[in-house]
Amino acid sequence: RNLLDRDTFSKSDPICVLYTQAIGNKEWREFGRTEVIDNTLNPDFVRKFIMDYFFEERENLRFDFYDVDSKSPNLSKHDFLGQMFCTLGEIVGSQGSRLEKSIVGIPGKKCGTVIVTAEELGCCRDSVLMQFCANKLDKKDFFGKSDPFLVFHRSNEDGSFTICHKTEVVKNTLNPVWQAFKISVRALCNGDYDRTIKVEVYDWDRDGSHDFIGEFTTSYRELSRGQSQFNVYDVINPKKKGKKKKYVNSGTVTLLSFLIETEVSFLDYIKGGTQINFTVAIDFTASNGNPSQPTSLHYMNPYQLNAYGMALRAVGEIIQDYDSDKMFPALGFGARLPPDGRVSHEFALNGNSQNPYCHGIDGVMEAYYRSLKSVQLYGPTNFAPVINHVARYAASVKDGSQYFVLLIITDGVISDMAQTKESIVNASKLPMSIIIVGVGPAEFDAMEELDGDVVRISSRGRFAERDIVQFVPFRDYIDRSGNHVLSMARLAKDVLAEIPEQFLSYMRVRGIKPSPAPPPYTPPIHVLQTQI
């Protein structure tokens, strides 16, 4: 909207060029270009860009705008109209997955705005529940009737077939009714509704040499008509058909039911306005070492982030795209606070216990550095108070409009194991997840127990309803070449990868459906004048 006008006699002819950025060397690569739209300052570009989206990765994007003056593909031959930077997470995390941002890059000029919308591709998410029965199948067994089962194949681009489903065997009958089964549309026909689906009918034999009864073909579109005369299929055995003149079929297979289920995705909730609230809790126990010494994990090195700062930034910079107000509570535990030296296990890093919120990840970093100067590192290492702190908030909004992620960064050995387990088991019923990042060289065996990936965590005989804890030791991610950008990207990828599934498991258990997304943006209608 409102692009700069660079043409003397008419309006600009804009094109948009999208660039993505490599994680390690920060180099921008061209991803694609839209079409050119002639003679307008308010273009609605049609060409879409299809990208892979991962919640746990930060994908930086750059949109450059040019006024095209000739047929040359070389961009330096055209007039630059400005650019916009954002992340893919910022677009999908905006209300309705629609982001509007100013175009910048030409000093002293207003370059207009760009509106970017994202939508998740739909065919990947449907699955179908189908049930079949058969009538008068050929008898293949010498003693007794056949033991039939069905084998489904989807066809590939090159005409070959890939098996995608086998039913169970129904014993000793020529009129079997198979159990209903669920299969993703992707597996059944690769999302292509008209692609051939081949179904073979076999008679099961104990020695594995199953006898072929016959086959038929159909497609997703045909099956989707449901139970009807169209979905009764002749089972044909080509060998028999070739030999016998009067051959009709080797029985029939009938579709009894066909139900489409759309799996809702993490992005459906985000698009419907669910907010992710991010809270950080930092370990201020004495085992971290004196912050003024270079050996300390809390050492304030003026030239580079310490391990706490790196873990905080790595995770925070990705999650902040999904939180519209960008206000993050930041807590500390295990320190003596001024003025009286009382030990606290949930104090506000900004010193304001009434309002522990910091603005943006930069605000959290600032509060962290400030509190290092004012509190005394002490102990013990208690997690339960900060977990309960976030749980109190999570317990007050269980309607699916908010989800809470607590990041605990610690140097190790936990002192209140029993209380922490109890807190986690209670929190597993709430809309929250906990990420624990271990920094430094300590033994983190106890943390592995909290993670619950191997053995589901329990407290006093009660098991956690969902697995909500993800633990990783930071040392596993440190890049050998000293490239901190890479180690931060790797860390974030691993600790955040489980969040969408944990988020969905809460919504599923509670039966919460995504809110409808706000109506999509429709551009104003331009009246076209035609000459006849």
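The values are calculated or read from the model by the stated rules, or taken from the named source; none is laboratory data. In this text, all values refer to a predicted model and were calculated from it rather than measured experimentally. All Cβ positions, even for glycine, are placed from backbone atoms using ideal geometry, and neighbour counts span all protein chains on display. Quick note on the areas: whole protein, heavy atoms, side chains included, nothing else; ligands and nucleic acids left out. Shrake-Rupley method; radii C 1.70, N 1.55, O 1.52, S 1.80 Å.
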Would you be so kind as to identify which of 504, 12, 248 lies farthest towards the positive end of the dipole of the chain, taking Lys and Arg as +1 and Asp and Glu as -1 on Cβ and the Cα centre as origin?
-> 248
Test item: Cα-centred dipole of the range 426-520, Lys/Arg +1 and Asp/Glu -1 on Cβ, debye | 540
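Please work out how much length the chain gains when fully extended from residue 227 to residue 325, using 0.36 nm per residue of separation minus the C-alpha to C-alpha distance, in nm with one decimal.
Numbers: separation 98, 0.36 × 98 = 35.28 nm, distance 5.06 nm.
The residue 227-residue 325 span can extend by a further 30.2 nm.
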Sorted largest first, the C-alpha extents of the range 14-117 along its principal axes in whole angstrom are 41, 30, 29
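Using only alpha carbon pairs under 8 Å that are at least six residues apart, calculate the relative contact order of the range 14-117 and give it in whole percent.
Reported relative contact order: 21 percent.
Of all trypsin sites (Lys or Arg not before Pro) in the range 225-292, which ones are in loop regions per DSSP and have a Cβ with at most 15 other Cβ atoms within 10 Å? Write down the numbers at each step before the final one.
On the way: sites: 225, 239, 240, 241, 243, 244, 245, 246, 271; in loops: 225, 244, 245, 246.
Passing both the DSSP loop test and the Cβ count: 225, 244, 245, 246.
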Trypsin sites (Lys or Arg not before Pro) restricted to DSSP loop in the range 464-502 with at most 13 other C-beta within 10 Å | 480
Relative to the first principal axis of the alpha-carbon coordinates of the chain, what is the inclination of helix 484-496, with its axis defined by its Cα atoms, in degrees from 0 to 90 and to the nearest 10?
-> 50
List the GluC sites (Glu not before Pro) within the range 260-366 that fall in a DSSP loop (any state other than H, G, I, E or B) and whose Cβ has at most 15 other Cβ atoms within 10 Å.
-> 263
Positive-end residue, the range 179-337 charge dipole about Cα centroid, Cβ charges, pick of 187, 216, 273 | 216
So, for the Cα atoms of the chain, Rg and Dmax in Å stand at 30.3, 102
Using only Cα atoms, tell me the angle between helix 307-319 and the longest principal axis of the chain; keep it within 0 to 90° and round to the nearest 10.
-> 50
Inverse of mean 1/r across different Cα pairs in the range 275-510, Kirkwood, Å = 17.8
Helix 499-510 vs. the chain, principal-axis angle (Cα, 0 to 90°, nearest 10) = 70
Distance from the range 220-235 to the range 261-323 (C-alpha centre basis), Å | 53
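Taking the convex hull of the alpha carbon atoms in the range 380-489, what volume per residue do you get, in Å³? Walk me through the numbers on the way to the answer.
Numbers: hull volume 12.4 nm³, N = 110.
With only Cα atoms used, the range 380-489 gives 113 Å³ per residue.
What ranking of 68, 413, 128 comes out by heavy-atom accessible area, probe 1.4 Å, highest first? Don't skip to the answer; put the middle values down first.
Numbers: 68 25, 413 105, 128 0 Å².
My answer, sorted largest first, is 413, 68, 128.
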Rank 508, 62 by accessible area, highest first, at a 1.4 Å probe radius?
-> 508, 62
Semi-axes, largest first, in whole Å: what does sqrt of 5 times each Cα gyration tensor eigenvalue give for the range 126-262?
-> 25, 16, 15
